[in-house]
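Report on the structure given below.
The values are calculated or read from the model by the stated rules, or taken from the named source; none is laboratory data. Please read all numbers here as calculations on a predicted model, not as lab measurements. Note: ideal-geometry Cβ built from the backbone for every residue, glycine included; neighbour counts use all protein chains shown.
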Amino acid sequence: MDDTDGIAIVRLGPDDASDGLVLSTETHWNQNEADWRFFLTTGIVFGVRDAGGQLVATAALLPYSSGNAWISMVLVTENWRRRGLATKLVDTCLNVATRQGLTCWLDATPAGAGVYGPLGFTPTLQLRRLRLAHPEPAKAGADASPATGDLVQLLARDLGAMGFDRGPLLAEFAGRPGSRLLSNGDAVALVRDGRTARHIGPLFANRADRALALVEVIVRSETGPLLIDAVHVQEAFLTGLTASGWTIERPFQRMRFGRATAKPTEQPFAVAGPEFG
Ligand SMILES: CC(C)(COP(=O)(O)OP(=O)(O)OC[C@H]1O[C@@H](n2cnc3c(N)ncnc32)[C@H](O)[C@@H]1OP(=O)(O)O)[C@@H](O)C(=O)NCCC(=O)NCCS
């Protein structure tokens, strides 16, 4: 018998945010405590604790709207891996989702894709995570501040890109201390804090050059490391980022479990993050 066969899967609550953060930090992920609190208050998070009570594995189901949900924070501490914990936790999320009639989406790391494929997830679009370690601030006297963006415009474009509404998520992001909602002509993007780097996304624009121009003004108005999760088919955007010093860190594969829902009407340049879609 597998030594995890009888293991208890428990529902986690808001008080588990700091334990969750320990797990995501072990894997060098960028989520901060505010992200964990969002999952634990808005979503359904399952976890496994070892005999000493330490949290050793998690998976989160984040219901959105129109019958869609995101699965993420699938984490297993190093010495508990390859014993079926991730499979059990994702299966638990899928059971809840199926009972509620939800189509599930996720953005998988290469290791995660090995778990989700056998469970029945199928690949959709690809993403690339890029990092800019040292943004170059604007020279003294130069106007470095992009215009403040409009939340209503951001929500409308996100609805077009996802095919379903994520207003509560994006409004919560925009309201966090340190968050910036920025625009440059038709381009609009959100910038928020992360544990090790600030994150740009989602980012919408009518053309790649406009998306790159917005990233450029954001970079000049930021001082620390930045991350962006770019949609792979936006080739000119990706090429422009790498030409201006961004480096590709890792791929993510978007996957879906269940029937396709509404048809997106636009492709974003960058997403809100693999944990949120
Ligand atoms: C990915 C991760 C969650 C897997 O957890 P786990 O409990 O070891 O996964 P399971 O034991 O349920 O694995 C089930 C199957 O998935 C596949 N798999 C698991 N880890 C894999 C890896 N690192 N590379 C390739 N395939 C992998 C295997 O087919 C495995 O079956 P096997 O052990 O019989 O070969 C864990 O390695 C982890 O936390 N990694 C860091 C964070 C991460 O990438 N999370 C996924 C985010 S999308």
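Would you say residue 83 is surrounded by 14 or more Cβ atoms within 10 Å (Cβ to Cβ) and in contact with a Ser or Thr (Cβ under 6 Å, 6 or more places away or on another chain)? Give the derivation first.
Details: surrounded by 14 or more Cβ atoms within 10 Å (Cβ to Cβ): yes; in contact with a Ser or Thr (Cβ under 6 Å, 6 or more places away or on another chain): yes.
Considered against the rule, which asks whether it is surrounded by 14 or more Cβ atoms within 10 Å (Cβ to Cβ) and in contact with a Ser or Thr (Cβ under 6 Å, 6 or more places away or on another chain), residue 83 comes out as yes.
Which of the residues that make up the stretch 5-44 are part of a loop (DSSP other than H, G, I, E, B) and surrounded by 15 or more Cβ atoms within 10 Å (Cβ to Cβ)? Walk me through how you get there before you give the answer.
So in the stretch 5-44, the residues part of a loop (DSSP other than H, G, I, E, B) come out as 5-9, 13, 27-32, 43.
Answer for the stretch 5-44, where residues must be part of a loop (DSSP other than H, G, I, E, B) and surrounded by 15 or more Cβ atoms within 10 Å (Cβ to Cβ): 7, 9, 29, 30, 31, 32, 43.
How do the pairs read when you match residues in the stretch 91-110 that are touching a residue at least 24 places away in the same chain (Cβ under 8 Å) and closer than 12 Å to residue 59 by Cβ with residues anywhere that are part of a helix (DSSP H, G or I) and small (Gly, Ala, Ser), using Cβ under 8 Å and keeping only pairs 6 or more apart or on different chains?
104/97; 106/112
Could you grab me the full set of residues in the stretch 228-259 that are within 16 Å of the ligand (Cβ to nearest atom) and crowded, with 17+ Cβ neighbours inside 10 Å?
Of the residues in the stretch 228-259, the ones within 16 Å of the ligand (Cβ to nearest atom) are 229, 249-257.
Within the stretch 228-259, 229, 252, 253, 254, 255, 256, 257 meet the criteria.
Looking at the structure I just gave you, is residue 117 modelled with pLDDT of 95 or more, not β-branched (Val, Ile, Thr) and not assigned by TED's automatic domain parsing to the domain that holds residue 84?
It is false that residue 117 is modelled with pLDDT of 95 or more, not β-branched (Val, Ile, Thr) and not assigned by TED's automatic domain parsing to the domain that holds residue 84.
What do you reckon, is residue 29 more than 8 Å from the ligand (Cβ to nearest atom) and either at pLDDT 95 or above or under 21 Å from the mean Cα position of the chain (by Cα) (or both)? Working first, answer last.
Details: more than 8 Å from the ligand (Cβ to nearest atom): no; either at pLDDT 95 or above or under 21 Å from the mean Cα position of the chain (by Cα) (or both): yes.
Here the answer is no, as residue 29 does not meet what is asked.
So, in the stretch 94-118, of the ones that are within 12 Å of the ligand (Cβ to nearest atom) and touching a helix residue (DSSP H, G or I) at 6+ places or on another chain (Cβ under 6 Å), which residue ends up nearest to residue 260 (Cα to Cα)? Please lay out each step first, then the result.
Here is the first cut: in the stretch 94-118, the ones within 12 Å of the ligand (Cβ to nearest atom) are 105-118.
Checking the rest, the ones that are also touching a helix residue (DSSP H, G or I) at 6+ places or on another chain (Cβ under 6 Å) come to 108, 115.
Details: 108: 18, 115: 21 Å.
Checking each candidate, the answer is 108.
Out of the stretch 44-67, which residues are of a type in the set (Gly, Ala, Ser) and either within 30 Å of residue 161 (Cβ to Cβ) or within 14 Å of the ligand (Cβ to nearest atom) (or both)? Lay out the reasoning, then the answer.
Keep residues of the stretch 44-67 that are of a type in the set (Gly, Ala, Ser), which gives 47, 51-53, 57, 59-60, 65-67.
Within the stretch 44-67, 47, 57, 59, 60, 65, 66, 67 qualify.
Within the stretch 68-76, identify whether any single residue is of a type in the set (Gly, Ala, Ser), surrounded by fewer than 23 Cβ atoms within 10 Å (Cβ to Cβ) and either away from the ligand (no atom under 13 Å from the Cβ) or over 25 Å from residue 263 (Cα atoms) (or both), and answer yes or no. Steps first, answer last, please.
Let us first name the residues in the stretch 68-76 that are of a type in the set (Gly, Ala, Ser), namely 69, 72.
Narrowing further to those that are surrounded by fewer than 23 Cβ atoms within 10 Å (Cβ to Cβ): none.
Within the stretch 68-76, none of the residues are of a type in the set (Gly, Ala, Ser), surrounded by fewer than 23 Cβ atoms within 10 Å (Cβ to Cβ) and either away from the ligand (no atom under 13 Å from the Cβ) or over 25 Å from residue 263 (Cα atoms) (or both).
Would you check if there is a residue in the stretch 252-267 being in contact (Cβ under 8 Å) with a residue 12 or more places away in the chain and of a type in the set (Ser, Thr, Tyr)?
Taking the stretch 252-267 first, the residues in contact (Cβ under 8 Å) with a residue 12 or more places away in the chain are 252-267.
Add one more test, that the residue is of a type in the set (Ser, Thr, Tyr), and what stays is 261, 265.
Yes.
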